[in-house]
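Here is the structure we will look at.
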Amino acid sequence: MADSKLRVLVFGAHPDDPDSKSGGTAALYTKAGHVVKMVSLTNGDAGHMWEGGAPLAWRRRIEAANSGKALGCEYITLDSHDGMLLPTLEVRNEVIAIVRDFKPDLVLCPRMWDYHPDHRACGVVVVDAMYMATVPNVVSGAEHLRKMPVIAYGYDHFQKPYPIQPDVVVDISAVSAQKLDAMHCHTSQFYEWIAYNERILETVPEGDAARRAWLEGTLAGLFASADKYRTELIAHYGEAQGRACTAVEVYEGSEYGSPLTAENKAILFPF
């Protein structure tokens, strides 16, 4: 961190995963002048009920880019097929090249335990890439890193083999509307595929404002509850802000990158 600007790289398996996990935190970074890049390892070309292939991939690519604009960051999708992501050498090398080009201080990604095979593969391939990004003769066309970035896992609700450990709990109340704006960009995902897959498609209203309000209520159960982390919020933010907080994003430091310490936590999560 040669200057005061942090560089934060957020990985997810699908277009909408990086911003679902870290959209509020990303908005806090960009509002403070830091640089965030979001990367979906797949193009999302399978997650739909009546559309697929290249047309869906292009649609989801545009939705992701618009979500990034709402958050003030770049948001790209790679070309692995949705539902077919594997932690192969080829995908790992793609991640290594992105990491080396961006030179992040902090990498955010999913844990390796999840219901979706793409999510699990994303977590594996990202942590596999971090040490290898420091090895000069691996992906030798991109200058190697001299130090691994810190890695932190985003929130999930799974309990086995163990629940997420809340090393960092971020109050995103001030930017929760901005995160919702970003989610709202993913029309094909939230208003079509997920609604269909959850068998609630008939409840999706017409009209932009009505859909956004519907989404706010529907998404509530997908994210970490502020009440669940009230003790941590009060300990970090103080009694008043900790009790007033209505929305959080939660992170667990990974042992597979540079350590997340008390000292660098205050630098990497300056809010």
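The values are calculated or read from the model by the stated rules, or taken from the named source; none is laboratory data. What you see is a predicted model, and the numbers here were worked out from it, not measured in a lab. A quick note on method: Cβ atoms are made from the backbone with ideal geometry, for glycine too, and the neighbour counts reach across all protein chains shown. Note: accessible area is taken over every heavy atom of the protein model, side chains too, but ligands, DNA and RNA are not part of it. Shrake-Rupley method; radii C 1.70, N 1.55, O 1.52, S 1.80 Å.
The translational diffusion coefficient of the chain, from Stokes-Einstein at 20 °C and 1.002 mPa s with a Kirkwood hydrodynamic radius over alpha carbon pairs, comes to 113 µm²/s.
With helices as the sole contributors, the chain gives -12500 deg cm²/dmol at 222 nm; each DSSP H run of n ≥ 4 counts as -39500 (n - 2.57), and the sum is divided by every residue. Each principal axis of the Cα atoms in region 112-271 has its own extent, and those three values, largest first, are 54, 42, 30 angstrom. Between V135 and E255, what FRET efficiency follows from the Cβ-Cβ distance if R0 is 25 Å, with the result rounded to 0.05? Efficiency for this residue pair is about 0.85. Here the accessible area of the chain is 55 percent carbon and sulfur, with a 1.4 angstrom probe and all protein chains present. So between I234 and A65, what do we pick up on full extension, going 0.36 nm a residue minus the alpha carbon distance? Extra length available between I234 and A65 comes to 57.3 nm. Only beta bridges with both residues in the chain are counted; by DSSP, about 25 percent of them are antiparallel.
Taking a span of 18 Å or more along the helix axis (Cα atoms) and a mean Kyte-Doolittle hydropathy of at least -0.5 as the rule, the DSSP H helices of the chain that qualify are 53-71, 89-102, 117-132. The peptide list 164-177, 130-143, put in order of mean Cβ contacts within 10 Å with the highest first, becomes 164-177, 130-143. When the listed pairs K31/K228; K69/K265; K5/K160 are checked against a 32 Å cut-off, the alpha-carbon distance exceeds it for K5/K160. Positive contributions from Lys and Arg (+1) and negative ones from Asp and Glu (-1), summed over other residues with Cβ under 11 Å from the Cβ of E216, come out at +2. In order along region 258-264, the Karplus-derived 3J(HN,Hα) couplings, from 6.51 cos²θ - 1.76 cosθ + 1.60 at θ = phi - 60°, round to 4, x, 8, 10, 4, 6, 7 Hz, and Gly and Pro are given as x. Centre-to-centre separation between the Cα atoms of region 95-161 and those of region 11-50: 15 Å. The relative contact order of the chain comes to 22 percent, based on Cα pairs under 8 Å that sit 6 or more residues apart. Restriction of the chymotrypsin sites (Phe, Trp or Tyr not before Pro) in region 28-114 to DSSP coil positions whose beta-carbon has at most 11 other beta-carbons within 10 angstrom yields W50.
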